[in-house]
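The values are calculated or read from the model by the stated rules, or taken from the named source; none is laboratory data. From a predicted model like this one, the values you see are computed outputs, not experimental measurements. For neighbour counting, all protein chains shown are included, and Cβ atoms are generated from backbone atoms with ideal geometry for every residue, glycine included.
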Amino acid sequence: MKWHQKSLTELGKALAEGSVTSEALTRYFLNRINSLSELNAFVDVNPELSLEQAFHADKLIQSGQKGPLTGIPIAHKDVFVTKGWHSTAGSNILKNYLSPFDATVVEHLGPQGAGMVCLGKTNMDEFAMGSSNENSAFGPAKNPWNDKCVPGGSSGGSAISVAAGLAPVATGTDTGGSIRQPSSFCGLTGLKPTYGRVSRYGMIAYASSLDQAGPMAKSASDCALIMNAIAGHDPKDSTSLAKPNEDFSRLIGLPWQGDTSAASQPLKGLRIGLPIEFFAEGLDKEVEMSIRVAIQILEGLGAELKQVTLPKTKLSIPVYYVLAPAEASSNLSRYDGVRYGYRAKEYKNLAQMYERSRTEGFGKEVKRRILIGSYVLSQGYYDAYYLQAQKIRRIIANDFQVAFRECDVILGPVAPNVAWQMGEKSKDPTQMYLEDIYTLSANLAGLPAMSIPCGMSKSQLPIGMQLIGNYFNEAQMLQLADTFQQTTSWHKIMSEISNSDVLGENNDR
């Protein structure tokens, strides 16, 4: 049985019927992780602890206390502190750090919550700073479609784990596109919820006003099931919104306006906004063509197309790369070698210990962003850079609200290009930053956004399509994504090809 090609619903049904046990399922995925270790998707695996959680899940199932996710394995991005596994945020500064507690997301999904089984921690760009997973202290992770290409970042390891069938689903975080872009590059469905929907407690901070956790899975329906488990107010997180829990899968399978007579046009009444700025110069022709075809499919399903404008899109890059480094310079000041984490072996005094510990512990990109952040926050530059960026951030958010008067959801590309070759952009940080042009604005505005597979390049690399919704409209976005996935087969083709033709049948162990 190829369990790695099954949806969460199918795995849950198999566990409930006794076709497989959580222990057997966990061993199956641990074996795949081991057999495909060359992808460098995982940075820490603890089989003994994973199997212990699986035994617990099997007892719950046998006693009739099974939930929809009980016993299903999951991979966690290394940015979530996880008791029993190392939590390093992909950095040497936290090498060998073991957290005494679980992040709220991990807790909600784990044995005391939904009953899922942790397979391990996935590779990532150091402190979530990067778009390629090449900034990891553990070395770059490799795209399963082409191991010479990047998987995207910063949640590259999580994307690989699902795309290569090493885990049925994974958690990720999105500060400027770090769920959506790797999902696009690896052929997955990835969702960044509204800022504050999911608790940030226990999530190692990069930029606190931008960071948001979300699921990375094979389909919209799988993402909805994970959202049901992780969303909700958390009193331990001051940025967590006091919103009542909801069923994010409640609209899946239903027509947009609930009119069952419109079976041939399930999206009748849906207004899709196409920003002029998202289809301008710089967008790869193959990427644009795939998205245009997807738009035609949605129009055929009854959706109405609206041309909208987001005039400050180009400013999202300079605004983000002022605000995010500023917050990072503050958040990362706690890593000083005193309380936990890496400490330099040789130093003469306290000041030198700080300097050497941080110099040796942080990677090049992290140092670059700390320096940028310290500069824009310094006296004489705060008003000119940081304060001005905050003002433009509000204008960007207002642009979206104007656009949403004309449409229900905004559609466009996730990234200007498909996955690029390892090392192709890493020597030019500015070129790397430009790859985030379509994703950053949703983070700056705090809006929900997601990536869904919609095509394939001539070089056999996945292409993703981005959906951006208004605040708290995740359920409707998932409804739209699911309707597209019920009509097309890109998400299924991605799963089948990435697990057989590309990786080889000999890896189905």
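Name the residues in the stretch 318-335 that are of a type outside the set (Gly, Ala, Ser) and closer than 26 Å to GLY139 by Cβ, would you? Spell out how you get there, then give the answer.
At the first step, the residues of the stretch 318-335 found to be of a type outside the set (Gly, Ala, Ser) are 318-323, 325, 327, 331-332, 334-335.
Within the stretch 318-335, TYR321, PRO325, ASN331, LEU332, ARG334, TYR335 meet the criteria.
Would you list the helices (runs of 4 or more DSSP H) that sit entirely within the stretch 355-473 and hold 1 or more residues that are charged (D, E, K, R), modelled with pLDDT of 95 or more and over 21 Å from the mean Cα position of the chain (by Cα)?
Numbers: elements: 364-377, 388-403, 429-434, 440-445.
The qualifying helices (runs of 4 or more DSSP H) are 364-377, 388-403.
With respect to LEU11, determine if the residue is surrounded by 21 or more Cβ atoms within 10 Å (Cβ to Cβ) and either more than 24 Å from VAL81 (Cα to Cα) or not hydrophobic (A, V, I, L, M, F, W, C) (or both). Step through it out loud before you land on a result.
Numbers: surrounded by 21 or more Cβ atoms within 10 Å (Cβ to Cβ): yes; either more than 24 Å from VAL81 (Cα to Cα) or not hydrophobic (A, V, I, L, M, F, W, C) (or both): yes.
The answer is yes for LEU11.
Hey, among the residues in the stretch 1-28 that are in contact (Cβ under 8 Å) with a residue 40 or more places away in the chain, small (Gly, Ala, Ser) and part of a helix (DSSP H, G or I), which one's farthest from ALA75 (Cα to Cα)?
Here the answer is ALA16.
Check VAL322 against each of (1) assigned by TED's automatic domain parsing to the domain that holds ARG369; (2) farther than 28 Å from ALA384 by Cβ and name the one condition it does not meet.
(2)
Quick one: in the stretch 306-341, of everything that is of a type in the set (Lys, Arg) and over 19 Å from ASP211 (Cα atoms), which residue is surrounded by the most Cβ atoms within 10 Å (Cβ to Cβ)?
Pass one, the stretch 306-341, residues of a type in the set (Lys, Arg): 306, 312, 314, 334, 339.
With the extra rule that they be over 19 Å from ASP211 (Cα atoms), the set shrinks to 306, 312, 314, 339.
Working: LYS306: 14, LYS312: 19, LYS314: 14, ARG339: 8.
My answer is LYS312.
Could you tell me which residue of the stretch 67-109 is surrounded by the fewest Cβ atoms within 10 Å (Cβ to Cβ), considering only residues that are assigned to a loop (DSSP other than H, G, I, E, B) and aromatic (Phe, Trp, Tyr)? Can you show your working first?
To start, the set of residues in the stretch 67-109 that are assigned to a loop (DSSP other than H, G, I, E, B) comprises 67-72, 78-79, 81-85, 87-91, 95-97, 99-103.
If we keep only those that are aromatic (Phe, Trp, Tyr) as well, we get 85, 97, 101.
On the way: TRP85: 25, TYR97: 16, PHE101: 12.
By that ranking, first place goes to PHE101.
For the stretch 257-277, how many residues are modelled with pLDDT of 90 or more and either within 23 Å of THR488 (Cα to Cα) or touching a Cys at 6+ places or on another chain (Cβ under 7 Å) (or both)?
Number of matching residues: 10.
Would you please name the residue that is nearest to the chain's Cα centre (by Cα), looking only at residues in the stretch 29-55 that are in a helix (DSSP H, G or I) and buried (at least 18 other Cβ atoms within 10 Å of the Cβ)?
First pass over the stretch 29-55, keeping only residues in a helix (DSSP H, G or I): 29-35, 37-39, 47-55.
Pick out the ones that are also buried (at least 18 other Cβ atoms within 10 Å of the Cβ) and you get 29-30, 32-33, 39, 50, 53-54.
Numbers: PHE29: 21, LEU30: 22, ARG32: 22, ILE33: 20, LEU39: 18, SER50: 23, GLN53: 24, ALA54: 25 Å.
My answer is LEU39.
Would you pick out the residues in the stretch 294-340 that are within 24 Å of the chain's Cα centre (by Cα), of a type in the set (S, T, N, Q) and under 14 Å from ILE372 (Cα atoms)?
So the first thing to find is which residues in the stretch 294-340 are within 24 Å of the chain's Cα centre (by Cα), and the list is 294-295, 310, 313-332.
Still in the running and of a type in the set (S, T, N, Q): 313, 316, 329-331.
If the condition is that a residue be within 24 Å of the chain's Cα centre (by Cα), of a type in the set (S, T, N, Q) and under 14 Å from ILE372 (Cα atoms), then SER329, SER330, ASN331 are the ones that fit.
Can you name every residue in the stretch 342-362 that is crowded, with 20+ Cβ neighbours inside 10 Å and not hydroxyl-bearing (Ser, Thr, Tyr)?
ARG358, GLY361, PHE362
Within the stretch 151-175, count every residue that is assigned to a loop (DSSP other than H, G, I, E, B) and either among the aromatic types (Phe, Trp, Tyr) or touching a Gly at 6+ places or on another chain (Cβ under 7 Å) (or both). Full working, then the answer.
So in the stretch 151-175, the residues assigned to a loop (DSSP other than H, G, I, E, B) come out as 151-155, 164-169, 174-175.
If we keep only those that are either among the aromatic types (Phe, Trp, Tyr) or touching a Gly at 6+ places or on another chain (Cβ under 7 Å) (or both) too, we end up with 153-155, 174.
Total satisfying the criteria: 4.
Quick check on the stretch 83-94. Is at least one of its residues in contact (Cβ under 8 Å) with a residue 40 or more places away in the chain, under 17 Å from ALA167 (Cα atoms) and not assigned by TED's automatic domain parsing to the domain that holds THR359?
Just the residues of the stretch 83-94 that are in contact (Cβ under 8 Å) with a residue 40 or more places away in the chain, to begin with: 85-94.
This time we only want the ones that are under 17 Å from ALA167 (Cα atoms), so: 85.
Narrowing the set further to residues that are not assigned by TED's automatic domain parsing to the domain that holds THR359 leaves 85.
Yes, the conditions are met somewhere in the stretch 83-94.
Out of GLY64, GLY115, I need the residue that is in a loop (DSSP other than H, G, I, E, B) and in contact with a Lys or Arg (Cβ under 8 Å, 6 or more places away or on another chain). Which one?
Being in a loop (DSSP other than H, G, I, E, B) and in contact with a Lys or Arg (Cβ under 8 Å, 6 or more places away or on another chain) holds for just one of GLY64, GLY115, which is GLY115.
Just to be sure I understand, how many residues within the stretch 471-492 are over 19 Å from GLY269 (Cα atoms) and among the hydroxyl-bearing types (Ser, Thr, Tyr)?
3
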